[in-house]
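What follows is a short report on a single structure.
The values are calculated or read from the model by the stated rules, or taken from the named source; none is laboratory data. These numbers come from a predicted model, not from an experiment. In this analysis, Cβ positions are derived from the backbone assuming ideal geometry, glycine residues included, and neighbour counts consider all displayed protein chains. Only protein heavy atoms, including side chains, enter the accessible area calculation; ligands, DNA and RNA are left aside. Shrake-Rupley method; radii C 1.70, N 1.55, O 1.52, S 1.80 Å.
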Amino acid sequence: MRLISYYLGAVRRVTSTLRAAVALVARAAPRRTAAVTALQLTSAALLGAQVLIGREALAAVLDARPGGGDAVLPLAALAVTSAVAGLAAPALALQNRLLGELAQRAAYDRILDVTTAVDLHRFDDPDFADHLQRVRANAVSRPLLVTNALMQLLGAGAAIVVLSLALLALHPMLPPILLAIGLPLLLVSRRGGAAEFAFAVTQSPSARLRDHLRSVLTGREEAREVRAYELSGSFRERYGHANDRYLEDLRALVNRRHRQAALAGVLAAGATALTLVVLLALTRGPVTLADAGAAVLAVKLLSSRLEQAFTAAGTLYESSLFLADLGRFTALAPDGPAGPGRPAPADGFAVLHARGLSFRYPGAARPALDGVDLTVRRGEVIGLVGENGSGKSTLALLLAGLLPPTGGSIAWDGTDLAGLDPLTVRRHVAVLFADPIRYALSVADNIAPGTADTGAPGPRAAVARSARAAGADDLVRRLPAAYDTPLSTEYAGGTNLSDGQWQRIALARACHRDARLVILDEPATALDPRAEHELFETVRTLFAGRTVIVISHRLANVRTADRIVVLAGGRIAEQGDHDTLMAAGGPYADLFALQADGYLPAAAVHVRADEAGEGVSAPAVDDPGAGWVCRT
Ligand SMILES: Nc1ncnc2c1ncn2[C@@H]1O[C@H](COP(=O)(O)OP(=O)(O)OP(=O)(O)O)[C@@H](O)[C@H]1O
């Protein structure tokens, strides 16, 4: 009884796997799937034809009288069917390969649907990271395995039907005996599949560590630091240990699967032998040599096709756990890119209100932001300052609609951002991150990613305008292929830029986006003093009519802002313009005086906020980038 329910469970699992596998492959390439299916069915029909024509050919040869031509026709038919079957096999293998690649692409598309749509904070969740690592690793090999197994199952299944019909004619008991003995193969594969999936789950964190160490030891960006800190020895050792542990676990798994495969092989061989014995025992009366020959051929072919079918079913079962894993991952994507029925925001906003804004990163003990109230009006330039970890970048990500608040709300002209289409909200925002991505693509693609590769004159002129605004046009024109130069020495004709030049390109990217809200997170850390000074002097004209939030540790850069917001421990400590904050003598005045100290000549009088009060509120800073000139 238990065995039957075990069988039924396995059959049910294979059926649902089949549905998932067919959906993956057929959706990836419907026409090619139909063509390969037709080819598989033709191959199966040819197999049956070979048995029947073989029987005729054998009878004709045994019967043939000297000089007679009776055997010629069946022999010629046998040659033709064998030749066509021989041609079909490589064609099938090649088509399966293409189909597998298409299925792989479809699987990867499903992963990209998730990674490009989920909320940013997902990437800080270790469970998500493990899941992503697993589906990425499997998306490379599983679709190919599933496609091959599916097609093998189809071909073998059709051949089994055809050959069973031929065997039924010889004895009705033969096909059921073969099927009954073949089922244990499926169970063996099922155990192997479960072990394989459990192995992948437990190995996910180790696989991520090995991936990371591999990229550190092979990456271009990492190469300098690996040398400067002499990391190659210790990191290779760590990589070696992680690999050793992985290979030890893999060896145990492989040994277990070897034992299972040996058992499956013995069962398959036993099935063939037993069927032949049964055939002999059940056959009474005289048997013609042609019938016997055809029966042996059919039993041999049938048992090999059964083995093929059960192995394919086992592979599909093994893959079913991975397909289900991919299905669960796909389900993480939001329902639709915009959320059903959410309206797009009006063109920008007149006023932005943050009310009781809080945010806690997954697993963090303390909130990064805690009850922030902030009002920002169109056209304002806001400076956002505070010590490391005070929540500036987190606040910027929330205002940009890149992180959903865990408490409180953000409203554009009274409409809560949570009720608006997030994609169109983001279209109204440009963010220059503190560590912007350096795309290994052309300059034009770096300034206008995703839109500049057409090379059309219109977009190109706009790209050049943005570069000019960010002070990057001159440096680009000096490059070998100007805006078409690849910004990576790993490509022919490519080049690399200095950190400051990269920062200008990233600034050009922010300028290029016609956004209402511009967030500049430490935009000048790599700029030379003159460029830094120019940037902050021109920020209003550069982004005229837009709202600009500048995050900077260099307070001289934000002193001309309409308002300066000081964050401390995720809360707003104080806000106001430079003069007001200096007069208040709070944390801003303290920090400002501290920085100003660093620019004073040795002979200068140290003027601290607490000593000087108003005197410091307007230090004679003519050119903060070029050096401070304070009253002595
Ligand atoms: N992805 C993250 N996952 C977990 N905690 C984070 C993450 N990013 C930031 N934090 C934490 O949130 C708090 C605020 O970080 P945030 O980056 O907003 O500070 P910041 O003011 O921009 O700092 P800095 O001046 O150093 O750039 C910090 O305590 C930080 O450790």
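I'd like the projected area of segment 191-246, averaged over all directions, using the convex hull of its alpha carbons. Report it in nm² with one decimal.
4.2 nm²
Can you work out the PRE-style zone for Asp347? Point 7 Å along Cα to Cβ, and I want the residues of segment 481-521 with backbone N under 20 Å.
511-518
For segment 519-531, take each phi angle, set θ = phi - 60°, evaluate the Karplus expression 6.51 cos²θ - 1.76 cosθ + 1.60, and give the result in whole Hz per residue in order, putting x for glycine and proline.
Couplings: 10, 10, 9, 6, x, 10, 4, 9, 7, 6, x, 5, 5 Hz.
How long is the gain from Ala461 to Glu221 if the chain were fully straight, where each residue apart is worth 0.36 nm and the alpha carbon distance is subtracted? Can you show the working numbers first?
Values: separation 240, 0.36 × 240 = 86.40 nm, distance 3.14 nm.
The span from Ala461 to Glu221 would gain 83.3 nm if fully extended.
Quick one: which residues, 5 or more positions from Ile519 or on another chain, have an amide H under 5 Å from its amide H? H modelled 1.01 Å from N in the peptide plane, none for Pro or chain starts.
Those qualifying (amide H under 5 Å, at least 5 residues apart or on another chain) are Ala430, Val431, Leu432, Ile549.
Per-residue HN-Hα couplings for segment 237-253, Karplus 6.51 cos²θ - 1.76 cosθ + 1.60 at θ = phi - 60°, whole Hz, x for Gly and Pro?
Ordered by residue, 3J(HN,Hα) equals 5, 4, 4, x, 4, 4, 5, 4, 5, 4, 5, 4, 5, 5, 4, 4, 5 Hz.
Would you kindly find the accessible area of Leu487, with a 1.4 Å probe and non-protein molecules such as ligands, DNA and RNA excluded, rounding to the nearest 10 Å²?
Roughly 10 Å² of Leu487 is accessible to a 1.4 Å probe.
Check Arg360: other-chain or 5+ apart residues with amide H under 5 Å from its amide H, H built from backbone geometry?
Amide H neighbours of Arg360, under 5 Å, 5+ apart: Ala368, Thr406.
Using only Cα atoms, what Kirkwood radius does segment 351-600 have, in angstroms?
Details: mean 1/r = 0.0523 Å⁻¹.
Final number for the Kirkwood radius of segment 351-600 is 19.1 Å.
What's the FRET efficiency of Ala91 with Asp577 using the Cβ-Cβ distance as r and R₀ = 51 Å, to the nearest 0.05? Don't jump to the answer; show the numbers that get you there.
Numbers: r = 77 Å, r/R0 = 1.50.
According to the calculation, E is roughly 0.10.
I want to check the label-to-label distance for Leu332 and Asp435. Put each point 7 Å from Cα in the C-beta direction and report it in nm to one decimal.
Distance between label points: 2.1 nm.
Taking the full set of protein chains and a 1.4 angstrom probe, give the accessible area of Ser498 in square angstrom, rounded to the nearest 10.
For Ser498, the solvent-accessible surface is approximately 60 Å².
Mind giving me the nanometre distance, one decimal, between the label points for Ala482 and Arg530, set 7 Å out from Cα along Cα→Cβ?
Each label point is offset 7 Å from its Cα along the Cβ direction, giving 2.4 nm.
How high is the FRET efficiency from Ala262 to Arg31, r the C-beta distance, R0 25 Å, rounded to 0.05?
It comes out at approximately 0.05.
Just how much of Asp590 is accessible, in Å², when a 1.4 Å probe is used and the result is rounded to the nearest 10?
Its accessible surface works out to 70 Å², give or take rounding.
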